[in-house]
Amino acid sequence: MATPEVQKLNLKVPPFSPEDPEILFALLEGQFENFNITDDKVMFNNVISNLDIQHAKSVKDIIINPPSANRYEKIKNEPIRRLSASHELKIKQLLTHEELGDRKPSQFLRHLQDLTGPSVPADFIRTIWSNRLPNNIQTVLASQPTHSLEQ
């Protein structure tokens, strides 16, 4: 049973995003750590009480019949598994749909890196990124071929 102090906490839980469910849990775990919350049931209940109906339906089976142990891990891993876009879909999005738009080039680069994950070579990302930048920026980048992607 959670202590009264834990029950009174008002955690600031960001809205769930099926495009990037991992971020919700990373942010939430930071708050759990800040408030020294380690109780599995308290963590589980914080997640389910902050899911909107649409996303709760995707884990309805877990909410209605939670496991007796490791509840939080189950409610964390299943939405990520069930709702996350596949790696192939993210690569397809990278190759066909992504444009600079109103982002800064560095923001656009981070977005592309997020889509690809760590398994895609930096040279490949650099090519996609630089080809979708305005011509004047492409010229500057072409004059600096020895710089790393981060530079």
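The values are calculated or read from the model by the stated rules, or taken from the named source; none is laboratory data. Please read these numbers as outputs of a predicted model, since none were measured by experiment. FYI the Cβ positions are ideal-geometry reconstructions off the backbone, even for glycines, and counts take in every protein chain you see.
Table for the structure above
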item: Answer residue from the range 71-91, given it is part of a helix (DSSP H, G or I) and modelled with pLDDT under 70 and is surrounded by the fewest Cβ atoms within 10 Å (Cβ to Cβ) among those; result: 88
item: Cross-chain or 6+ apart pairs with Cβ under 7 Å, the range 45-72 first and charged (D, E, K, R), then modelled with pLDDT under 95; result: 52/16; 71/40; 71/41; 71/44
item: Qualifying residue in the range 55-69 (condition: at pLDDT below 85, surrounded by fewer than 17 Cβ atoms within 10 Å (Cβ to Cβ) and in a helix (DSSP H, G or I)); result: no
